[in-house]
Amino acid sequence: ALTGRVLVPEKLDSDGVALLERAGLEVVCKYDLTEDELSAVLGDFDALIVRSGTKVTRSLLEKANATRLRVIGRAGVGVDNIDLAAASERGIVVVNAPTGNCIAAAEHTVALLLALARNIAAADATIKGDQWNRNKFVGVSLVDKTLGVCGFGRIGREVARRCRALGMRILAYDPYCAVEVTRAVGAELCSSLDELLRVSDFVTVHMPLTESTENMIDRNALSKCKDGVRILNVARGGIVDEVALLEALESGKVAGAALDVFVQEPPHKYPGSPSEKVAKHPRVVATPHLGASTVEAQLDVALEVAEAVITALRG
Ligand code: NAD
């Protein structure tokens, strides 16, 4: 059996915790810690398991003097909330759960796509305010429309598969993706982002947030889109430039957007920020980072990250 202590500062499914304990580890779940509280206790742990809410920065690792820490587990896909360089300099291994929430994120994207096309959220809000307004919410159809999928990894492919079933034409842009992969799900591979943007009625992004994908959908990219394009971001805040998106919503270039993620989360805690403005825009349907939030995905991700942490601690 392993020995070691694991700190869990964000909700992790109890089956994941049980798996760690069965391996011999002591698990301490302490939620809603401030950065100071986290740095005060982190030095006493061999592993840390976070979701997306905890920012594992260089300064946190330094302040905590986390010499005992050997593994950081991320219960989900994106590791952009962890300073990978700072971790690796300290010999800390970073592991994630790359598959557990892909279907959940793809399903959420499809839910937002339908909500966007048919104004579901805005219509629901008016009917709850005792209005019956049918003219205001004329939607657009999805059949025969073109969906541009930027980033054709696990989630992008699952989105494509599902949207094919809705009768959509699917274009893919991903410089690291082979044409066989796109063909297998009935999508067409574009050789450039511009080619995808020029003809897509809906554009959805599914790449990790990195230096090269940050602001990939910026003012210049939006200017290349069809008039009345609709934009979806269920990947990471900052891949779509929020200032440029606001401008394009105002000018009418962009007819609507569906956003699950924001540069500043939660947006209302940053009053006046582009994140808040875009989240509250009347032609935007917004959800609070719910992509991975299904019962099934939270269980799968907890087990997957627990396994990965155990493997890493075994060395
Ligand atoms: P993945 O690694 O399987 O796929 C990412 C794809 O992006 C890869 O195919 C890669 O080649 C491509 N890519 C990288 N750089 C690119 C670029 N410059 N241009 C175009 N494509 C590029 O990851 P995934 O499982 O599909 O997840 C994608 C992202 O979705 C994650 O990184 C995460 O940030 C986000 N995500 C969000 C939620 C949520 O709750 N909203 C849930 C899960 C994942």
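The values are calculated or read from the model by the stated rules, or taken from the named source; none is laboratory data. Computed from a predicted structure; not experimentally measured. With ideal geometry, Cβ positions are generated from the backbone for all residues, glycine too; neighbour counts draw on all protein chains shown. Heavy atoms of the whole protein, side chains included, go into the accessibility calculation; ligands, DNA and RNA do not. Shrake-Rupley method; radii C 1.70, N 1.55, O 1.52, S 1.80 Å.
Go from 0 up to the bin containing the longest alpha carbon distance in segment 1-110, width 5 Å each, and give me the % of pairs per bin.
Histogramming segment 1-110 at 5 Å steps yields 2, 12, 22, 25, 19, 11, 5, 2, 0 percent.
Enumerate the lysines that K136 could reach by cross-link, defined here as Cα to Cα under 25 Å, with residues fewer than 8 away along the same chain left out.
Filter leaves K128, K145, K226, K253, K277, K280.
Cut-off under 14 Å on the C-alpha distance; same-chain residues fewer than 8 positions from K11 excluded. Which aspartates and glutamates are left, in chain and number order?
The reachable aspartates and glutamates, counting only those whose Cα sits under 14 Å from K11, are D32, D300.
How many angstrom separate the Cα center of segment 255-309 from the Cα center of segment 3-74?
Distance between centres, Cα-based: 22 Å.
Work out from phi, with θ = phi - 60° and the Karplus expression 6.51 cos²θ - 1.76 cosθ + 1.60, the ³J(HN,Hα) of each residue of segment 304-315, listed in order in whole Hz, and give x for Gly and Pro.
Whole-Hz 3J(HN,Hα) from phi for segment 304-315: 5, 6, 4, 4, 5, 5, 4, 4, 5, 5, 5, x.
Average projected area of the Cα convex hull of the chain, in nm²? All intermediate terms of the calculation are to be shown ahead of the outcome.
Details: hull surface 69.6 nm².
It is 17.4 nm².
Non-local amide H neighbours of T294 (under 5 Å, H modeled in plane, Pro and chain starts lacking H): which ones?
Result for T294 returns nothing.
For the chain, with all protein chains present and a 1.4 Å probe, just round the carbon and sulfur fraction of the accessible area to a whole percent. Before the final figure, lay out the partial values.
Numbers: 7670 of 14990 Å².
Taking all protein chains in place, the chain shows 51 percent carbon and sulfur surface.
Among 47-55, 92-100, 72-80, 19-27, how do they line up by average Cβ neighbours within 10 Å per residue, starting with the highest? Before the final figure, lay out each step's value.
Details: 47-55: 21.9, 92-100: 19.3, 72-80: 23.9, 19-27: 17.7.
Highest to lowest by the protection proxy: 72-80, 47-55, 92-100, 19-27.
Under a straight-distance cross-link criterion of Cα-Cα below 12 Å, which aspartates and glutamates are reachable from K30, leaving out those fewer than 8 residues away in the same chain?
E10
Evaluate E = 1/(1 + (r/R0)^6) for K11 and K269, where r is the Cβ-Cβ distance and R0 equals 25 Å; express this FRET efficiency to the nearest 0.05.
Values: r = 19 Å, r/R0 = 0.77.
Approximately 0.80, to the nearest 0.05.
At 1.4 Å probe size, with every protein chain present, just tell me what the per residue accessible area of the chain comes to in Å².
Per residue, the chain has 48 Å² of solvent-accessible surface.
Quick one: what are the phi-derived ³J(HN,Hα) couplings along segment 35-47, Karplus 6.51/-1.76/1.60 with θ = phi - 60°, whole Hz, x for glycine and proline?
Result, ordered by residue: 4, 5, 5, 5, 5, 6, 9, 4, x, 9, 10, 8, 9 Hz.
First select every other residue whose beta carbon is under 14 angstrom from the beta carbon of I103; then total the charges, Lys and Arg +1, Asp and Glu -1.
Local net charge: -1.
Let me spell out the model: positive unit charges on the Cβ of Lys and Arg, negative unit charges on the Cβ of Asp and Glu, origin at the Cα centre of segment 117-167. What dipole size does that give, in debye rounded to 20?
220 debye
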